[in-house]
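Asks: Take this structure first; my questions come after.
Please treat every number below as a calculation from the coordinates, not as lab data. Values in this document were obtained by computation on a predicted structure and should not be read as measured data. Positions of Cβ are backbone-derived with ideal geometry, glycine not excepted, and every protein chain shown enters the neighbour counts.
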Amino acid sequence: MKEESQDRRKFILSMARGVGIAAFGGMIWSAYVDEATANRLVLRPPGALKEDEFLKTCIKCGMCAEACPFDTLIISKPGDNVAVGTPYFVPRDIPCYMCTDIPCVPVCPSGALDEKSVTTNGELDINIADMGLAIVDTKNCIAFWGIQCDACYRACPLLDKAIYLEYDKNDRTGKHAFLKPIVNPDYCTGCGLCEHACVTKKPAIMVRPRELVMGEVGTHYVKGWDKKDETRLEDAKEIHTVTERSKRDALDNLNDMGGLLDD
Amino acid sequence: MIKKYRYLILRRITQISIMVLYIGANVWGWKILMGNLSSSNLLGSVPLSDPYAVLQMFVAGAVISTDLIVGALIVIAFYAIFGGRAFCSWVCPVNIVTDTANYLRRKLRINQVAKKVPLSRNTRYWVIGISLIISAMMGVAAFEIISPVAMTHRGLIFGMGFGWAAILSIFFFDLFVVKNGWCGHVCPIGGTYSLIGKFSLFRVKHDSEACTNCRKCIEVCPENQVLFMINKESLPVTSAECTNCARCIEVCNDDALFFHIRNYVQKNETKQGEINETSN
């Protein structure tokens with residue numbers, strides 16, 4: 001009887017020890033996982049799901065990188081500061097050359113690279129890919145200085161759509177023109193050919209994940225000049241908020257010196 | 001001489017040629033075996049996936065594609081019916097590292113000094129449990145982020161980076177800290193295949209009549225708890241923690257160990273074996 005209870009105590013203690021060690025190890029482990037997946041600056045292959053979903057779904061087999069004919073895609077190694085084993089690319093080194101048959105996407109076994117997101121009318125269409133968005137550092141772009149350079153504009157596979165030139169008068173010389181590269185987010189795929197072509201020491205045009213560089217207006221602004229946007233107002237209802245202060249007339253509020261003057 | 005290493009040589013050949021096929025797919029564009037041990041494509045048509053990785057992804061909340069489900073089922077079926085835990089000793093490249101550590105351990109006579117094992121053989125099942133909890137909590141396959149096994153095979157195929165540190169730490173862990181520490185105690189992939197291969201057909205069998213109790217098999221076995229019957233009873237090794245590496249068969253000078261195919265029709269021997277195993 002006594003021995004049996006000793007055994008039971010031993011068993012419970014060993015289980016409790018196991019749970020303790022597991023909790024301690026699990027804490028360190030989960031903290032590491034959190035850190036290891038924190039980098040949001042990486043550029044993913046075309047067709048990649050949103051970063052959170054991508055990290056969940058990618059099984060890290062590397063077949064996309066094997067399929068890439070330009071060796072653009074890199075499989076993250078320990079030390080790269082990108083969730084280990086996942087594919088990414090660095091456009092300044094090797095950009096995405098936007099193959100029309102997109103060999104990297106159909107080979108993906110897990111669906112982390114989603115074929116549907118790069119398909120229009122049943123055919124693969126690299127032009128609708130969204131790997132990121134190019135942004136221009138207008139301070140360091142020499143075209144904005146007035147020096148003629150259209151390297152990024154000419155490198156762009158969607159020339160005159162994703163990057164177009166805005167002509168402007170150069171008041172400094174009085175006789176020259178600015179040819180300023182402007183990115184149109186509606187067309188830019190984030191392939192990075194512009195970043196690759198940029199002539200400055202550190203690229204003045206660079207690709208970043210779209211969510212990081214785009215703002216969001218919210219629903220409370222309506223483009224009055226846009227017929228389609230205007231239709232949003234059709235079902236709009238007036239919302240009238242009453243607060244303690246708004247009960248009174250605005251003028252009364254202005255004239256109310258209560259609390260401002262000594263008696 | 002070669003007879004003493006016949007299975008070891010065969011295992012090294014399969015391990016290395018599988019890795020060479022993967023590397024060939026990446027470097028020279030071979031279409032025989034693409035991908036890596038997490039998920040691959042055989043001959044451009046048959047998907048193969050690591051069931052443990054797929055399970056973690058499922059728990060993390062990913063939508064599992066048909067390719068991954070089919071791939072995992074093929075792998076599960078193969079090991080559940082035939083191989084048992086053969087993945088660990090016939091496919092996984094980390095096995096070469098831990099076998100080397102274990103060989104050195106024997107040569108340096110570390111086993112004679114460090115007899116007590118400070119780690120439970122069941123740690124791997126705890127690791128599986130924790131990995132699934134963290135996967136669910138963090139929404140990402142938790143072991144795949146830290147897996148030194150994946151770092152090794154991926155490193156060999158796509159570039160090592162700091163992955164060599166993971167390999168080295170396993171090597172020293174096995175050499176100085178715990179005998180058969182990684183593969184025999186910690187690795188949850190081995191744990192998963194132990195669970196999958198529970199009822200597989202290929203087994204090592206012991207003939208206690210022929211046994212002279214030299215204990216060479218126990219010394220060389222990376223999971224020597226499965227050889228509890230040596231010199232006691234003529235039983236097949238039914239524990240799925242046996243990796244079917246066949247080192248015990250090679251080192252045995254008495255032909256007291258050999259491969260056999262489990263016979264489920266004649267139930268007696270296996271049942272007896274299982275009862276014995278649980279009572280041990």
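Asks: Which ³J(HN,Hα) values, rounded to whole Hz and listed in residue order, are derived for the range A:114-124 from phi using the Karplus coefficients 6.51, -1.76 and 1.60 in 6.51 cos²θ - 1.76 cosθ + 1.60 with θ = phi - 60°, glycine and proline given as x?
Replies: 8, 4, 5, 6, 10, 10, 10, 6, x, 10, 4
Asks: Take the alpha carbon atoms of the range A:126-177, find their center, do the same for the range B:72-117, and report the distance between the two centers in whole angstrom.
Replies: Each part reduced to its Cα centre gives a spacing of 59 Å.
Asks: Angle, helix B:123-138 long axis vs. longest principal axis of chain B, Cα atoms, 0 to 90°, nearest 10?
Replies: 20 degrees
Asks: Sort B:97-106, B:80-89 by the packing proxy (mean of other Cβ within 10 Å over each peptide's residues), most packed first.
Replies: The packing order, highest mean first, is B:80-89, B:97-106.
Asks: Then there is this: Which whole-angstrom value gives the distance between the alpha carbon centres of the range A:5-29 and the range B:25-51?
Replies: Cα centroid of the range A:5-29 versus Cα centroid of the range B:25-51: 41 Å apart.
Asks: Take a quick pass over chain B and tell me how many lysine pairs come in under 22 angstrom between Cα atoms, counting only ones 8 or more apart or on separate chains.
Replies: 24
Asks: Then there is this: State the antiparallel share, in %, of DSSP beta bridges confined to chain A, rounding to the nearest 5.
Replies: Taking every DSSP beta bridge with both residues in chain A, the antiparallel ones total about 95 percent.
Asks: How well do other chains shield peptide A:44-54, expressed as the mean number of their Cβ atoms within 10 Å of each residue Cβ?
Replies: 1
Asks: Here's another thing I want to ask about it. List B:4, A:237, A:139 from most exposed to least, where exposure is judged by having the fewest other Cβ atoms within 10 Å.
Replies: Exposure proxy ranking, most exposed first: A:237, A:139, B:4.
Asks: Quick one: Karplus J couplings for the range A:224-239, per residue in order, coefficients 6.51, -1.76, 1.60, θ = phi - 60°, nearest Hz, x for Gly and Pro?
Replies: Calculated HN-Hα couplings, in order: x, 8, 10, 3, 5, 5, 4, 4, 4, 7, 4, 9, 5, 10, 6, 10 Hz.
Asks: What fraction of the DSSP beta bridges in the protein assembly as shown is antiparallel, stated in percent and rounded to the nearest 5?
Replies: 95 percent
Asks: Further, regarding this structure: Can you tell me the orientation of helix B:148-158 relative to chain B, as the angle in degrees between its alpha-carbon axis and the longest Cα principal axis, to the nearest 10?
Replies: 60 degrees
Asks: In whole angstrom, note down how far apart the Cα centers of the range B:122-165 and the range A:44-116 are.
Replies: Answer, in whole Å: 19.
Asks: Of the GluC sites (Glu not before Pro) in the range A:9-111, which ones lie in a loop per DSSP and count no more than 11 other C-beta atoms within 10 Å?
Replies: Within the range A:9-111, no GluC sites (Glu not before Pro) qualify (loop, at most 11 other Cβ atoms within 10 Å).
Asks: Another one. Quick check: the angle from helix B:66-78's long axis to the longest principal axis of chain B, C-alpha only, nearest 10 degrees?
Replies: With both axes taken from Cα atoms, the answer is about 10 degrees.
Asks: Let me have the 222 nm mean residue ellipticity of chain A computed from DSSP H runs of 4+ only, each contributing -39500 (n - 2.57), with the sum over all residues rounded to the nearest 500.
Replies: The helix contribution divided over chain A gives -7500 deg cm²/dmol.
Asks: Using amide H atoms built 1.01 Å from N in the peptide plane, name the residues 5+ places from residue A:170, or on other chains, whose amide H lies under 5 Å from its own.
Replies: A:176, A:177, A:178
Asks: Only counting other Cβ atoms within 10 Å, I'd like B:49, A:117 sorted with the fewest neighbours first.
Replies: Lowest count first: A:117, B:49.
Asks: What average count of beta carbons from other chains do you get within 10 Å of the Cβ of residues in B:33-41?
Replies: 6
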